[in-house]
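Student: Take a look at the following structure, please.
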Amino acid sequence: MVIRVQTRDNEPVDKALRRLRKLCNNEGLTRITKSKAYFEKPSERRRREARERIKSIRLACRAKEADAQKLMNRRRKNRKGRPMAGAPDGAPGEAGAERGHSPRRRSAEPVAVGSDTLA
């Protein structure tokens with residue numbers, strides 16, 4: 001693996017060195033050199049790799065949940081008083097109306113339970 005940094009005209013050495021460090025970090029070269037500085041027992045290496053796998057799985061799940069949450073928020077925005085796709089013109093979009101849900105009860109009248117009615 002060869003990493004090259006070409007200096008531009010009248011570029012300070014500090015800037016070129018900073019670009020070199022950034023390239024090394026992006027390629028993972030600094031992490032590899034630090035890990036190779038000391039001997040790592042095979043059992044410790046397996047444990048570290050297992051931890052890294054679990055961490056990457058967690059991050060992937062978190063990203064997937066965030067994407068699902070964004071999608072749900074987008075869907076909720078579409079439901080609030082806007083016409084639904086395929087609805088006739090002028091019809092407000094009711095939440096759940098296309099899925100067969102009945103609207104919520106808004107009256108304070110007693111509800112009949114079984115054969116007995118409340119009076």
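Nothing in this text is a laboratory measurement; each read-out follows from the coordinates by a stated rule. Given the structure is predicted, the values throughout are model-derived calculations rather than measurements. Backbone-built Cβ (ideal geometry, glycine too); neighbour counts: all protein chains shown.
Per-residue answers, yes or no, for (1) in a helix (DSSP H, G or I); (2) surrounded by 10 or more Cβ atoms within 10 Å (Cβ to Cβ); (3) free of Cβ contacts under 8 Å to residues at least 12 places away in the same chain:
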{"residue": "Val2", "(1), (2), (3)": "no, no, yes"}
{"residue": "Leu20", "(1), (2), (3)": "yes, yes, no"}
{"residue": "Cys24", "(1), (2), (3)": "yes, yes, no"}
{"residue": "Glu40", "(1), (2), (3)": "no, yes, yes"}
{"residue": "Arg47", "(1), (2), (3)": "yes, yes, yes"}
{"residue": "Glu52", "(1), (2), (3)": "yes, yes, yes"}
{"residue": "Ile57", "(1), (2), (3)": "yes, yes, yes"}
{"residue": "Ala60", "(1), (2), (3)": "yes, yes, yes"}
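Student: Okay, next question. Mind checking which residues of segment 26-38 are assigned to a helix (DSSP H, G or I) and either exposed (fewer than 11 other Cβ atoms within 10 Å of the Cβ) or on the phi > 0 side of the Ramachandran plot (or both)? Quick ask: steps written out before the conclusion?
Tutor: Taking segment 26-38 first, the residues assigned to a helix (DSSP H, G or I) are 26-27, 29-36.
Correct list: Asn26, Thr33, Lys34, Lys36.
Student: Just to be sure I understand, how many residues within segment 38-67 are touching an Asp or Glu at 6+ places or on another chain (Cβ under 9 Å) and small (Gly, Ala, Ser)? Please lay out each step first, then the result.
Tutor: Start the filter on segment 38-67 by keeping residues that are touching an Asp or Glu at 6+ places or on another chain (Cβ under 9 Å), which leaves 48.
Remaining after also requiring small (Gly, Ala, Ser): none.
Qualifying residue count for the region: 0.
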